[in-house]
Amino acid sequence: MKSKHFVSLSVAASFAVLATTGLLIYFGQGNHIIDHTHAWMGILFFSGAVFHITNNWASIKGYSINRKGGGLKRELIIPVLVVALFTTGIAADWPVFKDLANAGKKLFGPKRKERGLSQAAADSIARKVTADFQKAMTAGDTASLARLLTDKALVNTGDSTFKTKADVLALPAATGTAAVQVDQATMVDEKVIVSAGTVSAGAGKKPFTGVLNEAGGSWKIAAWQVSQ
């Protein structure tokens, strides 16, 4: 078996697989098997290319350098300039390269579902959770508070100190009644909502800010602060 023939055919075979998996990834059809195959074929192709260049160095040198004048041939200069142009454009994220890089996935890739909540849904969640929390705080309903607070929740009810979940569960029931009104619900991302509004107790009103987190399909209060 001739080593040159073996190396050349190995390079060709790995390139065929590398090109196929590369196109699949470009068109948004990649998965675990395709991604890993592409990576390993890249390693094999690089290794084979090194041996191929070594075995054919004399010929490559002849293609690249003018024997008479010793200068570089256009056959080498043009590919080097093209590669340099593409490398610079990709690194600098020039519009044409950026658009071309994403064109395949946009045309043939799986369509992503829109993520996040609608504003109406965020408003509804904020109103319900904050109302349930304030009701549980007023009644001293520890079962509801345990369900509505995250394990690392911090709560300030207007006395300038933050209480942990355990501290809140140990509080006695409040005297009187209090109502909460949500004036604004801001979606930070699909799992975090920041609510703001007022807590009314008797004739007084105090502004509050609450942070709601979604975990396991349930929205809970991660932080709550009532201003003095």
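The values are calculated or read from the model by the stated rules, or taken from the named source; none is laboratory data. Not measured: the values here are computed from a predicted model. Here the Cβ positions follow ideal geometry from the backbone for every residue, glycine too, while neighbour counts run over all protein chains shown.
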Subset of the range 159-191, residues surrounded by 14 or more Cβ atoms within 10 Å (Cβ to Cβ) and not polar (S, T, N, Q), comes to Phe162, Lys163, Lys165, Val168, Leu169, Leu171, Ala174, Ala178, Val180, Val182, Ala185, Met187
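Give the residues of the range 170-179 that are of a type outside the set (Gly, Ala, Ser) and more than 18 Å from Leu154 (Cα to Cα), sorted by residue number.
Of everything in the range 170-179, those that are of a type outside the set (Gly, Ala, Ser) and more than 18 Å from Leu154 (Cα to Cα) turn out to be Thr175, Thr177.
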Which count do you get for residues in the range 29-85 that are touching a residue at least 12 places away in the same chain (Cβ under 8 Å), part of a loop (DSSP other than H, G, I, E, B) and under 30 Å from Gly109 (Cα atoms)? 1
The lone condition Ala19 fails out of (1) at pLDDT 90 or above; (2) touching a helix residue (DSSP H, G or I) at 6+ places or on another chain (Cβ under 8 Å) is (2)
So the check is Cβ under 7 Å with 6+ separation or different chains; which pairs have a first residue in the range 143-161 that's more than 13 Å from Ser218 (Cβ to Cβ) and in contact (Cβ under 8 Å) with a residue 12 or more places away in the chain and a second one that's of a type in the set (S, T, N, Q) and assigned to a strand (DSSP E or B)? Asn156/Gln225
Filtering the range 204-228 for residues that are of a type in the set (Phe, Trp, Tyr) and either touching a Pro at 6+ places or on another chain (Cβ under 7 Å) or not in a strand (DSSP E or B) (or both) leaves a count of 0
Report whether or not Thr138 is outside the structural domain of Leu23 (by TED's automatic domain parsing), modelled with pLDDT under 90 and not in a loop (DSSP other than H, G, I, E, B). yes
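Which residues, counting only those in the range 145-154, are in a strand (DSSP E or B) and exposed (fewer than 14 other Cβ atoms within 10 Å of the Cβ)? So that I can check it myself, show each step before the final result.
So the first thing to find is which residues in the range 145-154 are in a strand (DSSP E or B), and the list is 149-154.
The answer is Asp151, Lys152.
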So which residues in the range 63-99 are polar (S, T, N, Q), under 28 Å from Tyr26 (Cβ atoms) and either outside the structural domain of Phe27 (by TED's automatic domain parsing) or surrounded by 12 or more Cβ atoms within 10 Å (Cβ to Cβ) (or both)? none
Subset of the range 125-144, residues surrounded by fewer than 18 Cβ atoms within 10 Å (Cβ to Cβ) and under 11 Å from Ala178 (Cα atoms), comes to Ala131, Lys135, Thr138, Ala139
